[in-house]
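These notes concern the structure reproduced below.
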Amino acid sequence: MTELLTVRELAQYLKLNPATVTRKTARGEIPAIKIGRQFRFHKEQIDKWLSQQALGRSIHILVIDDEPIIGQFFKDSLSKKGYQVTATTSGTEALELFATNRFDLIFLDLVMPGLDGCELFQCIRKLDEHVPITIITGYPDGELLTRVMEQGPFLVLKKPLNTNNIRKTVRSLVGSIEPAADKQQAKITNHDEK
């Protein structure tokens with residue numbers, strides 16, 4: 001079971017003032033979820049975020065959607081903010097990438113040829129039960145979404161997508177990146193199926 005921390009508990013954990021935690025969370029600098037009007041923090045995500053901050057490693061996001069334009073839209077929306085984005089149009093290739101790379105967040109389309117998003121969700125969860133997954137779908141009332149709901153928690157972004165919602169989702173799940181002036185711009189890779 002995932003441990004959720006309150007603002008006060010996280011402040012004690014980080015040795016910060018609760019007001020500082022609230023302010024940084026509201027600005028998207030600390031990964032959080034909102035339950036009602038209150039911020040809550042997944043301890044595993046906070047620990048992962050802390051190690052990323054300490055190492056100065058960029059956050060790596062995997063986008064799995066059979067429409068190449070969607071992957072490109074995520075790259076355009078996030079790379080300017082310092083995130084590393086890998087996009088693929090194939091569920092099989094996504095599993096290969098996931099097996100050999102470390103991803104901090106996954107955006108997953110449900111309706112795809114071959115391995116559908118529901119099956120892919122299940123495979124990813126077997127490999128890593130903690131990586132945050134956000135479902136991107138144009139069919140929020142579809143059967144696939146109902147099937148995947150039985151497999152565990154996730155967020156849903158409805159298509160059509162917009163840059164603000166994408167960035168807001170990323171900030172709430174993995175935090176923001178403050179790109180240093182001397183760092184190179186985030187690497188962008190594309191593994192679209194030809």
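General remarks:
- GLU9-TYR139 FRET efficiency (beta carbon distance; Förster radius 30 Å; 0.05 resolution): 0.20
- Per-pair calculated FRET efficiency, R0 = 35 Å: THR146 and THR100 via Cβ, rounded to 0.05: 0.65
- Considering only Cα atoms, the convex hull volume of the chain works out to 126 Å³ per residue.
- The mean of 1/r over all pairs of different alpha-carbon atoms in segment 109-178, once inverted, gives a Kirkwood hydrodynamic radius of 12.9 Å.
- Carbon and sulfur %, accessible surface of segment 1-135 computed with the full protein complex present, 1.4 Å: 53 percent
- Selected from ARG171, ARG37, ARG102 as most flexible by GNM, with the chain as the system and alpha-carbon contacts under 10 Å: ARG37
- Between ILE35, ILE46, ILE106, the Gaussian network model of the chain with springs among Cα atoms under 10 angstrom shows the greatest mean-square fluctuation at ILE35.
- Measuring nothing but how far apart in sequence close Cα pairs (under 8 Å, 6+ apart) lie, relative to its length, the chain scores a relative contact order of 26 percent.
- Full-stretch length increase - THR163, LEU16 - with 0.36 nm per residue and alpha-carbon distance subtracted: 49.8 nm
- Within the listed set LYS15, LYS43, LYS168, the Gaussian network model of the chain (springs between alpha-carbon atoms below 10 Å) gives the highest mean-square fluctuation for LYS15.
The values are calculated or read from the model by the stated rules, or taken from the named source; none is laboratory data. Because the structure is predicted, anything quoted here is derived from the model rather than measured. FYI the Cβ positions are ideal-geometry reconstructions off the backbone, even for glycines, and counts take in every protein chain you see. Calculation scope for accessible area: heavy atoms of the full protein, side chains included, ligands and nucleic acids excluded. Shrake-Rupley method; radii C 1.70, N 1.55, O 1.52, S 1.80 Å.
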